[in-house]
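Colleague: Sharing a structure, written as structure tokens. Questions coming.
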Amino acid sequence: MVELNGVFRREWGATVAALARWCGDLGVAEDAVQEACAEALRAWPRDGVPDNPGAWLLTVARNRARDRLRRESQRPAREFTAARNEALMRMDSTDPHPVRDDELRMMFTCAHPALERSSQLALTLRLVSGLTVAEIARALLQNEGAVGRRITRAKNKIRTTNIPLRVPPAELLAERLPHVLSCVYSVFTEGYWSTGGPSAVRDELCDEALRLSAELCALMPGDRECHALAALVLLHDSRRATRVDAARALVPLDEQDRRHWDRAKIARGLDRLRTAAGSAGPYLPQAVIAAAHACAPTWEQTNWVTICAAYDRLVSMTDSPVVRANRALALGFRDGPAAGLAAVEQVAHDPRLARSNLVPAVRGDLLRRAGRYTEAAESYRQALERNTSEPGRQFLRRRIAECSVNPAPSRRPR
């Protein structure tokens, strides 16, 4: 089952996107792909996983969609457009539009200005990346019920207002690009820092984000922010193989074996970073931070001055409490744990982090490095209560155990 779930996750976005382009109905496409996955669960354990599981799923899903559309077209109260009827009878179409990737097409479609901005990202992550509503809610630090309602509203609006499932003209791509970049990075983030489930890293999502970021650079080679995002993803991903050990336990950055970092990805990431120079968006400072880590020969030689300056720039462009919490940790490495703890308290009560384990985890790390082990263990326990990733929970238990061994006396800060 676990192996098949991995196949379904890898193929979900491409299959839904291709089928939606073919039939013109998001709901029909998603339902048909779900039915195809259910059929695969029955057939593949018996017959074996096909050589091309994506093609198998698409074929079965297309047949399910065709059957449904034919049934619907026979209802007197339901009329279908000429385009829908034409789509029903053909398998492929020639489209001269510059966006050749079906998943990128879907992302640009979901960025339609008629849709609520708060719904665009959630809808895209559901349709393109196959993330569950719970995963999307954790990634966006939002309530699960609210995310589900936004996705449903967006689908209904696409259907009832006849928003076309197509990419806008080339001259309008740029205005929707920020949404698409955000989606790609959200996909990578969920893959690289999985918020739930048995695995700390989800390779299929990381690989998908790498591919999509490269496709965006090819589609819009003159856009610096595309290159900044690609640099960020490459530089982070260069460390993917060392993020867990042989037992699949999380390995923190300061303990990773840098000899096993992917130097080819680092080189490509630095090339993208140079191309991105001058970008005014949020991905460039994040890529600078990732580059500082990737280029440091050892943990002790990390350039925290550069990292803190990049965080300062990022804070000036965003109102993200996540950025402020991570900046506090960087300040702790540059100026000492006390400075970091003072900074993290400034964001500790932000309601947007109410469901996140980030603040107590950062606080725990700074307290541990300050030798205040009893307080650190308490913060790690708070982080453990909010963490839904089993590898993350195991890592926090390890930290609690470390702090419990001969803890130094500590006093709760006033």
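Colleague: I need the phi-derived Karplus couplings for the stretch 9-19: 6.51 cos²θ - 1.76 cosθ + 1.60, θ = phi - 60°, integer Hz, Gly and Pro marked x.
Modeller: 5, 5, 9, 4, x, 4, 5, 4, 5, 5, 5
Colleague: Still on this model: Of the listed values (1) 53, 20, 19; (2) 42, 23, 20; (3) 34, 30, 18, identify the label whose number matches semi-axes √(5λ) of the Cα gyration tensor in Å calculated from this model.
Modeller: (2)
Colleague: If you fit an axis through the alpha-carbon atoms of helix 53-73 and take the longest principal axis of the Cα set of the chain, what angle between them do you get, 0 to 90°, nearest 10?
Modeller: Rounded to the nearest ten degrees, it is 50.
Colleague: Considering amide H positions built from the backbone, and no H for Pro or chain starts, which residues 5 or more places from V244, or on another chain, come under 5 Å of its amide H?
Modeller: Long-range HN contacts for V244: V251.
Colleague: Same structure, new question: Would you compute, from DSSP H runs of 4+ residues alone, the mean residue ellipticity of the chain at 222 nm, taking -39500 (n - 2.57) per run and dividing by the full residue count, rounded to the nearest 500?
Modeller: The helix contribution divided over the chain gives -21500 deg cm²/dmol.
Colleague: Over the chain, what percent of the accessible surface lies on carbon and sulfur atoms, probe 1.4 Å? Could the numbers behind the result be given before it?
Modeller: On the way: 10160 of 19750 Å².
Ligands and nucleic acids excluded, carbon and sulfur reach 51 percent.
Colleague: Between the stretch 198-274 and the stretch 134-160, how far is it from one alpha carbon centroid to the other, in angstrom?
Modeller: Cα centroid to Cα centroid, the span is 28 Å.
Colleague: With θ set to phi - 60°, apply the Karplus curve 6.51 cos²θ - 1.76 cosθ + 1.60 along the stretch 150-155 and write out the HN-Hα couplings as whole Hz, x wherever there is a Gly or Pro.
Modeller: 5, 4, 5, 4, 5, 4
Colleague: Can you work out the accessible area per residue across the chain, with the rest of the protein chains kept in place, probe 1.4 Å, in square angstrom?
Modeller: I get 48 Å² per residue for the chain.
Colleague: Given 0.36 nm per residue, what is the gain on full extension from D245 to R71 after removing their alpha carbon distance, in nm?
Modeller: Numbers: separation 174, 0.36 × 174 = 62.64 nm, distance 5.24 nm.
Answer, rounded to one decimal: 57.4 nm.
Colleague: Roughly speaking, what is the stretch gain from N162 to W304, that is 0.36 nm per residue apart minus the C-alpha to C-alpha distance, in nm to one decimal?
Modeller: Working: separation 142, 0.36 × 142 = 51.12 nm, distance 5.11 nm.
The span from N162 to W304 would gain 46.0 nm if fully extended.
The values are calculated or read from the model by the stated rules, or taken from the named source; none is laboratory data. This structure is a prediction, so every number in the text was calculated from the model and none was measured. Only protein heavy atoms, including side chains, enter the accessible area calculation; ligands, DNA and RNA are left aside. Shrake-Rupley method; radii C 1.70, N 1.55, O 1.52, S 1.80 Å.
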